[in-house]
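K.L.:
Before we start, here is the structure in question, set down as structure tokens.
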């Protein structure tokens with residue numbers, strides 16, 4: 001996979017929501033992204049496990065980075081998630097997003113969320129709409 005343009009990489013890495021959740025970028029290439037986060041006490045629900053929205057957010061951040069990595073503004077159309085295993089406070093989870101198929105206007109991505117032992121936490125499939133607009137406008 002090809003490297004991502006430095007300006008695009010910076011735009012993706014500087015996302016405010018990603019920073020707010022403490023999500024770290026591990027790798028971005030064209031059509032691929034890998035991110036991680038540590039679940040903190042503010043992310044735990046009344047079942048004493050990570051809220052599903054936290055896990056979804058990590059997957060969505062990886063999906064957004066992978067789908068926008070070529071510099072074309074891409075917006076989620078559909079994201080489906082299947083939760084497989086609970087996550088507890090203090091656990092690190094990792095999300096990897098990979099483009100499975102892509103065309104001029106849409107593309108499909110697979111996103112896998114797992115823990116440090118490689119156990120699957122959640123599996124996602126997502127479809128993106130490519131607007132045709134460049135992310136970098138200068």
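K.L.:
Given the -39500 (n - 2.57) contribution per DSSP H run of 4+ residues, what per-residue ellipticity at 222 nm results for the chain, rounded to the nearest 500 deg cm²/dmol?
P.N.:
After summing the helix terms and dividing by the residues of the chain, the value is -6500 deg cm²/dmol.
K.L.:
Using the scaling law 2.2 N^0.38 Å as the reference, what is the normalised Cα Rg of the range 34-97?
P.N.:
1.21
K.L.:
Can you check what the Kirkwood hydrodynamic radius comes to for the chain, Cα pairs only, in Å to one decimal? Don't jump to the answer; show the numbers that get you there.
P.N.:
Details: mean 1/r = 0.0664 Å⁻¹.
Kirkwood hydrodynamic radius for the chain: 15.1 Å.
K.L.:
Using alpha-carbon positions, what is the distance between the centroids of the range 21-42 and the range 69-138, in Å?
P.N.:
11 Å
K.L.:
Under a 10 Å cutoff between Cα atoms, tell me which one of 83, 114, 32 has the largest fluctuation in the Gaussian network model of the chain.
P.N.:
Its mean-square fluctuation being the largest, the pick is 83.
K.L.:
Between helix 52-68 and the chain, what is the angle of the helix's C-alpha long axis to the longest principal axis, kept within 0 to 90° and rounded to the nearest 10?
P.N.:
Computed tilt is about 20 degrees.
K.L.:
For the range 70-138, what is the convex hull volume of its Cα atoms per residue in Å³?
P.N.:
Details: hull volume 7.7 nm³, N = 69.
So the per-residue Cα hull volume is 111 Å³.
Where a number appears in this text, it was derived from the coordinates with a stated rule and is not lab data. On a predicted model such as this, the values are computed, not experimentally measured, just so you know.
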